[in-house]
1. Could you sort the peptides 1-14, 83-96, 45-58 by per-residue average Cβ neighbour count (10 Å cutoff), highest mean leading?
2. Between Thr85 and Thr20, what length comes free when the chain is fully extended (0.36 nm per residue of separation minus the Cα-Cα distance, one decimal in nm)?
3. Between Thr105 and Ser92, what is the label-point separation in nm under the 7 Å Cα-to-beta-carbon projection?
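Every number here is computed from the coordinates shown, using simple stated rules; none is lab data. Predicted model, so just to flag it, every value in this text is computed and none were measured. All Cβ positions, even for glycine, are placed from backbone atoms using ideal geometry, and neighbour counts span all protein chains on display.
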Amino acid sequence: MQALGPGGVDGVPSTKYLITDAPIAVCAHGRTVSLPLISPTTIWVDHQGRLVQARVATHDAGGRVHAGVLKLIGGSSSRATPSTTVTTLTFSDFGAPVHVAAPATSGVEHGGSVSIAFRAKSANGACGA
């Protein structure tokens, strides 16, 4: 993590930080797959140490990594168009009362779920060990 200096979010003074990380290697079906973690992430923290904003840009250079993972789990391995997605989460009104209500069951769709299990590589770097 690297401090980038003072900043502000919606008029709230804050300190801006850059968080970076390296890709992780996991084992899937006995093969090593490199998965990038979401990086870099920029965060803003107020003077009370509360996260007030987080922003991450994810880049897909044509689906090379994703296609490899999809192929391993039986999905399509066709190349996708390069794309960038920027996601920003902003947090505010700390301490304000919150009311949360579950949606009516008629408005809830029950879809299938996907579960993918990966195993981390062993300390000696062997996949499947």
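1. Most protected by this proxy first, the peptides run 45-58, 1-14, 83-96.
2. Answer, rounded to one decimal: 21.7 nm.
3. For the pair Ser92/Thr105, the computed spacing is 3.8 nm.
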